[in-house]
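Heads up, the thing below is written out as structure tokens.
The values are calculated or read from the model by the stated rules, or taken from the named source; none is laboratory data. As the structure is a prediction and not an experimental result, all values here were calculated from the model. Cβ atoms come from the backbone with ideal geometry, glycine included; neighbour counts cover every protein chain shown. Just so you know, the surface numbers come from the protein's heavy atoms only, side chains and all, with ligands and any DNA or RNA stripped out. Shrake-Rupley method; radii C 1.70, N 1.55, O 1.52, S 1.80 Å.
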Amino acid sequence: MTTDSPSAAGRTEPVIGRAADRLLLSAVRRTGGWAVVLVLAALGSVLAQVLLPAVVGSAVDSAMAGRADDGRITTCTAVIVVFIVCEVLSDLAAGRSSAAGTAWLRRAQLAHLLTLGGRATARFDPGDLTARLIGGAADAGAAAEAAVWAALSVLPTLTSVVALWLIDPWLALTFLVGMPAVVFFLRSYAQDMSVLIARYQKVQGAIAAGFVEALGGMRTIAAAGTTDREAERVLRPLPELSGLGHGFWRAQTKVAAQNALLVPLLEVAVLSVAGFGLAAGRVTPGEMLAASRYAGLGAGLGMTAMYLGRLARARAGGGRIREVLAEPAAAYGTGSLPAGPGRLELRGVTVRVGGQTLLDGLDLTVPGGTSLAIVGRSGAGKSLLAAVAGRLTDPHGGTVLLDGVPLPELSHEELRGAVGYAFERPALLGRTVGEAIALDDVAEADRPRLSRAAAAACIDAFVERLPEGYRTDPREVPMSGGEAQRLGLARAFAHRGRVLVLDDATSSLDTVTEFKVSTALTTELADRTRLIVAHRASTAARCDLVAWLDGGGIRRVGPHHELWALPEYRAVFRPDPPGGEHGPADEHGPADDHGPAGGDGSAARISPAEVGA
């Protein structure tokens, strides 16, 4: 989360950190008991590790006293076996818990993203979301292992102090003199790594965002010959990423050097005091050997530093996932729709995008069973109005009602079952073409319905030519933009709802196919309320009514042939002359089906047949 003021950042970051920690704890609870196994196995490993010096020292004293057969060698062997078994079991539990935690985080994030819909890509870049979903979840999923070992790494230090005290209090006091430096270095390392890892993941997300954007524009890049420039743009954050990577190595080298300096110094100091104790008869040779091992075990920074780094990475990944999950999704009610024709009402609808008001107090009523064309210049808010009509986005003000019920009061299933959509660039979801149309497994009883929808969308002949017909995998079928768009239309036509919204869903169709689809909309689908974002005059002419969108509101509503008498309305369907004050006629270039321009530069009138369609 970014803020403009340092004070605001100081207030916000701890909140995000606590929320991320709660998210990681939730992921740990979803490990199916492997986190508990990890704790027990790791604890057993650590206890065996701290018992081993005492057992070995005792065995040495026993051997030197001529009592090698008193069972101490057997005890030493048993401790070593327990240590090995616990190490193997902890590695297995760590892998299984990390996999389970990562899977849960990815499912939670993906489900939330799909619930957010278009709000997700408005708030986050798709490439950055991919990086969070893959890399961030993997880092956060390892939280159980990192937290368990980071916490248990303190145990050898504490037990070493106790063991040294039991051998000789002077040994413990000598060891404790050097511990403040160890704690200071560990704390400094953890802080440095937390900052570096958070920045590293953020820069990784920026590179991923640029890469995904470049993939989406590959044809444009190739046609423009700007490959090198685009590669440079995508990889522009790479020097910063490299600097952060070098920062990791510097922090790790620093802590390794401190470890290499402090541990031998503490060992020498403890052994020196132990030597005096041995000479004075307070310490036995076996205890001196154990003391040297406890000094190294208690002061070792290597494992602690490594797991603190992993924990910092897990918390940073969890924080990035938490940012996504914190984006509020639309709340749905529990209501249902009464029987009705699909009357749609927009009352005082206001929508702002990027601080700009695109729809301002818009009022519109669409009678049930009416086909309504939404027309307007580029940027007028046509697609935004289409999204508001089916609650793909919520207005900042005003209300949208379907058959008298406000859309937010409807349950998710009721709303999505009542309103179907077709888009300019449909996503063909499903394992087969049939599933891509039905959005579900295709039952034999549904095939006639799918066939009728495909015929209405003029895609049935194309599907029948496929190797396995409706059972063909759509990913294995090369499709033109028009063919993909017709499959999207077939999916919308197969929808059983009472409202159908077409958001520029015929832009890639040729004129003949567009005429056939429009005919199906006005005949076979006449029982539904149809909202059609129209860029062609012929499309608008075939609808019952036209809503002319201009200046954030509805300028006029009426039949196309009546509005066509207005020069300003006709201008919506033609490109502006060079240097004109208006933009292009639509987002995809000038309309191509309303005939040549007249001698005065105005668009020629469409035929009476088109007006009456």
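The sum of -39500 (n - 2.57) across all DSSP H runs of n ≥ 4, divided by the residue count of the chain, sets its helix-only mean residue ellipticity at 222 nm to -19500 deg cm²/dmol. Normalised by the number of residues in the chain, the average gap of Cα pairs under 8 Å and 6 or more apart makes the relative contact order 13 percent.
DSSP finds beta bridges in the chain, and of those with both partners inside it, around 50 percent are antiparallel.
Shape annotation for the chain: C-alpha extents along the principal axes are 118, 57, 47 Å, from largest to smallest. Taking the three principal axes of the alpha carbon atoms in segment 365-428, the coordinate ranges are 32, 31, 27 Å, sorted in descending order.
Computed packing ranks the peptides 111-117, 371-377 as 371-377, 111-117, most packed first, by mean other Cβ atoms within 10 Å. Rolling a 1.4 Å probe across the protein heavy atoms gives the chain an accessible surface of 49 Å² per residue. In this structure, residue 158 and residue 29 have a Cβ-Cβ separation that, at R0 = 25 Å, corresponds to a calculated FRET efficiency of about 0.35.
Whole-percent P(r), segment 520-577, all Cα pairs, 10 Å bins from 0: 20, 54, 22, 4, 0.
Residue separation of residue 524 and residue 125 scaled by 0.36 nm, minus their Cα-Cα distance, works out to 139.6 nm of gained length.
Applying 1/(1 + (r/R0)^6) with r as the Cβ-Cβ distance of residue 282 and residue 73 and R0 = 25 angstrom yields a FRET efficiency of 0.45. The slack in the chain from residue 166 to residue 43, taken as 0.36 nm per residue of separation less the alpha-carbon distance, amounts to 42.1 nm.
Could you tell me what percent of the accessible area of segment 32-98 is made up of carbon and sulfur, with a 1.4 Å probe and every protein chain present?
73 percent
Label sites at residue 110 and residue 409, each approximated as a point 7 angstrom past Cα along Cα to Cβ, lie 3.7 nm apart. Residue separation of residue 473 and residue 85 scaled by 0.36 nm, minus their Cα-Cα distance, works out to 134.8 nm of gained length. Per the Cα gyration tensor, segment 201-357 maps to an equivalent ellipsoid with semi-axes of 62, 28, 11 Å, ordered largest to smallest.
Dividing the C-alpha radius of gyration of segment 204-292 by 2.2 N^0.38 Å, with N its residue count, gives 2.36.
Using the reciprocal of the averaged 1/r over all distinct C-alpha pairs, how large is the Kirkwood radius of segment 23-74 in Å? It is 13.7 Å.
The mean of 1/r over all pairs of different alpha-carbon atoms in segment 240-326, once inverted, gives a Kirkwood hydrodynamic radius of 15.9 Å. Computed from the C-beta positions of residue 227 and residue 329 and an R0 of 45 Å, the FRET efficiency is 0.70 to the nearest 0.05. The convex hull drawn around the Cα atoms of segment 374-512, when projected onto a plane and averaged over every direction, covers 9.7 nm².
Please sort 311-321, 217-227 by packing, taking for each peptide the average over its residues of neighbouring beta carbons within 10 angstrom, highest first.
311-321, 217-227
For segment 431-553, which whole-number percentage of the solvent-accessible area (1.4 Å probe, protein heavy atoms only) is attributable to carbon and sulfur atoms? Roughly 49 percent, rounded to a whole number.
Take 49-59, 178-188, 536-546 and order them by the average number of nearby Cβ atoms within 10 Å per residue, most first; the result is 536-546, 49-59, 178-188. Amide H contacts of residue 501 (H built 1.01 Å from N, in plane; Pro and chain starts excluded): 420, 421, 422, 531 sit under 5 Å, all sequence-distant by 5 or more or on other chains.
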